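**Student:** This is the structure I have questions about; it appears just below.
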Amino acid sequence: MTASLSAASALLATLTDRAPEGVWSAPGRVNLIGEHTDYNEGFVLPFAIEHRTAAALAVRDDDVIRVASTFSDEPVEVALSELDAAIEAGGLDWAAYPLGVAWALRAASTEGIARGVDIAISSDVPVGAGLSSSAAIESSVASALNDVWGAGLDRVALARVGRIAENDAVGAPTGIMDQMASMLGRPDAATFLDCRTLEADSVDLGFEAAGLAILVVDTRVEHAHSSGGYRERRASCEAGAAALGVTWLRDVSVADLDRARATLDDETFRRVRHIVTENQRVLDTVAALRADGPTAIGELLTASHASMRDDFEISVPELDLAVDTALEAGAVGARMTGGGFGGSAIALLPQEKIADAAAAVERAFAAAGYTAPHIFTVAASEGARRDA
Ligand code: ADP
Ligand code: MG
């Protein structure tokens, strides 16, 4: 049993004498490539990581839902009959994630759900690091409640539930990539997702067989999706799409970019160019992985970073330094991952260069006077599951 599973069980035991119904867990994710394409109905290629959030659950006699996290001192409780009003009123802080999931799941289910539950949550996914601790908590709680409430939703429907919770209960206007990655992850594979149709295809990564590994540099610059920059980028994409006569930038191709340059102001053009070229890079990455294996994707990763840095302008100096230093240390490719404005960078490195690259990044951060980063490797892992 991993540390977060036993911590969730231990926390549940402090809440109730009732026997646990079970423990469910769901992973964070790294997005290999395809950034800010999800809400443009484009393509993404994330993979689930070993870091997971666990939710232990016990049923109650009444209709109260109570959530607790090792993250916070105070459990939060609401009667299910009052849940709509509580979500509407807001101010739930972290509890908006699990309670939002309960609320969205009830709305999505045809069952009249009124059975109270205690839920205890523990996680080893770094928070606010761009590794989607938010999707991990949503997917673990959604999986647990789906089973215990007998809601009968499939994995894609549970991903939608997580997104609705994040958009409408938490108030963060994110796309559905993270939840899909957390629900559908497979060992040693990435999830190639068409965000228009939600069609998902598993793509073998083969990193280990090729002698490669992904190094994550968590810059510890915290981002917040519910704040400014993310919303602004979404608005630019919508404005760019409207000016080009489409609803979604998915429907603009690389060949259309000359026309876009003539139509749009410089900033909007660069935002659009990022999305359009990034969509193409996702398709090219999938093709390269399938045809030639993971060593062939390095340049696409690095080009993605340059596009986010220069055109979409969502990188920060810490992320650029992590990427540049990893490349100098022999990375095949490197890029920031996640929504930007902080969070983590990833570097695809030959295994024998991992230790030196990590040390080089540490030195570079120290020399620049930045907070010491958290550096670790990740491997593609299994999605949401029942553990006990
Ligand atoms: P990221 O998904 O990149 O980690 P977000 O800002 O999207 O960052 O989500 C982080 C938020 O999710 C936290 O601030 C907290 O409110 C909530 N959260 C994540 N994990 C937990 C947890 N284990 N317990 C309680 N809340 C959590
Ligand atoms: Mg998140």
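**Student:** Search the range 65-89 for residues being in a strand (DSSP E or B) and of a type in the set (Val, Ile, Thr), and hand back the single one that is farthest from SER122 (Cα to Cα).
**Tutor:** Out of the qualifying residues, it is VAL78.
**Student:** Now, a different point. Of all residues in the range 198-228, which are at pLDDT 95 or above, out of contact with any Pro (no Cβ under 9 Å at 6 or more places or on another chain) and assigned to a loop (DSSP other than H, G, I, E, B)?
**Tutor:** GLU208 - this is the single residue of the range 198-228 that is at pLDDT 95 or above, out of contact with any Pro (no Cβ under 9 Å at 6 or more places or on another chain) and assigned to a loop (DSSP other than H, G, I, E, B).
**Student:** Just one of the numbered conditions (1) within 16 Å of ligand 1 (Cβ to nearest atom); (2) under 17 Å from the mean Cα position of the chain (by Cα) is not true of ALA144; which one?
**Tutor:** The number of the failed condition is (2).
**Student:** Of all residues in the range 168-213 being among the polar types (S, T, N, Q), touching a residue at least 60 places away in the same chain (Cβ under 8 Å) and surrounded by 24 or more Cβ atoms within 10 Å (Cβ to Cβ), which is nearest to ligand 1 (Cβ to nearest atom)? Break it down into steps so the answer makes sense when it comes.
**Tutor:** Restricting attention to the range 168-213, the residues satisfying the condition of being among the polar types (S, T, N, Q) are 174, 179, 182, 191, 197, 202.
After this cut, where a residue has to be touching a residue at least 60 places away in the same chain (Cβ under 8 Å) as well, the list is 174, 182, 191.
Checking the rest, the ones that are also surrounded by 24 or more Cβ atoms within 10 Å (Cβ to Cβ) come to 182, 191.
Details: SER182: 10, THR191: 17 Å.
The residue in question is SER182.
**Student:** Hey, among ALA135, ALA142, ALA96, ALA79, which residue is of a type in the set (A, V, I, L, M, F, W, C) and either more than 16 Å from ALA55 (Cα to Cα) or away from ligand 2 (no atom under 15 Å from the Cβ) (or both)? Quick ask: steps written out before the conclusion?
**Tutor:** Working: ALA135 fails: either more than 16 Å from ALA55 (Cα to Cα) or away from ligand 2 (no atom under 15 Å from the Cβ) (or both); ALA142 fails: either more than 16 Å from ALA55 (Cα to Cα) or away from ligand 2 (no atom under 15 Å from the Cβ) (or both); ALA96 fails: either more than 16 Å from ALA55 (Cα to Cα) or away from ligand 2 (no atom under 15 Å from the Cβ) (or both).
Residue meeting the stated conditions: ALA79.
**Student:** Can you find a residue that is under 23 Å from GLY175 (Cα atoms) and acidic (Asp, Glu) anywhere in the range 337-355? Explain how you work it out, then say what you get.
**Tutor:** At the first step, the residues of the range 337-355 found to be under 23 Å from GLY175 (Cα atoms) are 337-346.
Imposing the further condition that a residue be acidic (Asp, Glu) reduces the set to none.
No: zero hits.
**Student:** Please pick out the residue among SER307, SER381, SER344 that is within 16 Å of ligand 1 (Cβ to nearest atom) and within 23 Å of the chain's Cα centre (by Cα).
**Tutor:** Of SER307, SER381, SER344, the one residue that is within 16 Å of ligand 1 (Cβ to nearest atom) and within 23 Å of the chain's Cα centre (by Cα) is SER344.
**Student:** Filter the range 119-132 down to residues that are away from ligand 2 (no atom under 11 Å from the Cβ) and crowded, with 24+ Cβ neighbours inside 10 Å and give me whichever is nearest to ILE49 (Cα to Cα).
**Tutor:** Ranking the candidates gives SER123 first.
**Student:** Which ones in the range 148-162 are more than 15 Å from ligand 2 (Cβ to nearest atom), farther than 9 Å from ALA104 by Cα and of a type in the set (A, V, I, L, M, F, W, C)?
**Tutor:** VAL148, TRP149, ALA151, LEU153, VAL156, ALA157, LEU158
**Student:** Is it the case that some residue within the range 247-255 is over 24 Å from GLY175 (Cα atoms), touching a residue at least 60 places away in the same chain (Cβ under 8 Å) and either touching a strand residue (DSSP E or B) at 6+ places or on another chain (Cβ under 7 Å) or surrounded by fewer than 17 Cβ atoms within 10 Å (Cβ to Cβ) (or both)? Before the answer, list the steps.
**Tutor:** We begin by selecting, within the range 247-255, every residue over 24 Å from GLY175 (Cα atoms); these are 255.
The next check asks that each one be touching a residue at least 60 places away in the same chain (Cβ under 8 Å); those that pass are none.
Within the range 247-255, not a single residue is over 24 Å from GLY175 (Cα atoms), touching a residue at least 60 places away in the same chain (Cβ under 8 Å) and either touching a strand residue (DSSP E or B) at 6+ places or on another chain (Cβ under 7 Å) or surrounded by fewer than 17 Cβ atoms within 10 Å (Cβ to Cβ) (or both).
This table checks each residue for (1) farther than 14 Å from ALA144 by Cβ; (2) hydrophobic (A, V, I, L, M, F, W, C).
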| position | (1), (2) |
| --- | --- |
| SER9 | no, no |
| ALA19 | yes, yes |
| GLY22 | no, no |
| ALA26 | no, yes |
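**Student:** Could you tell me whether the range 288-295 includes any residue that is surrounded by fewer than 22 Cβ atoms within 10 Å (Cβ to Cβ), within 21 Å of ALA239 (Cα to Cα) and among the hydroxyl-bearing types (Ser, Thr, Tyr)?
**Tutor:** The answer is no, given that none of the residues of the range 288-295 is surrounded by fewer than 22 Cβ atoms within 10 Å (Cβ to Cβ), within 21 Å of ALA239 (Cα to Cα) and among the hydroxyl-bearing types (Ser, Thr, Tyr).
**Student:** Taking the condition surrounded by 19 or more Cβ atoms within 10 Å (Cβ to Cβ), more than 10 Å from ligand 1 (Cβ to nearest atom) and basic (Lys, Arg), does ARG115 pass?
**Tutor:** no
**Student:** Hey, among ALA107, ALA165, ALA102, which residue is away from ligand 2 (no atom under 16 Å from the Cβ), buried (at least 24 other Cβ atoms within 10 Å of the Cβ) and hydrophobic (A, V, I, L, M, F, W, C)?
**Tutor:** ALA102
**Student:** Okay, moving on. Being surrounded by 19 or more Cβ atoms within 10 Å (Cβ to Cβ), out of contact with any strand residue (DSSP E or B) (no Cβ under 7 Å at 6 or more places or on another chain) and of a type outside the set (D, E, K, R) narrows it down to one residue among THR371, THR325, THR302; which is it?
**Tutor:** THR325
**Student:** For THR174, which of the numbered conditions (1) farther than 21 Å from ALA7 by Cα; (2) at pLDDT 95 or above fails to hold?
**Tutor:** (2)
**Student:** Let me ask another. So which residues in the range 305-314 are surrounded by fewer than 22 Cβ atoms within 10 Å (Cβ to Cβ) and over 23 Å from ALA288 (Cβ atoms)?
**Tutor:** GLU313
The values are calculated or read from the model by the stated rules, or taken from the named source; none is laboratory data. Computed from a prediction, not measured in an experiment: that's the story for all the values here. Every residue, glycine among them, receives a Cβ derived from its backbone with ideal geometry; neighbour counts consider all protein chains shown.
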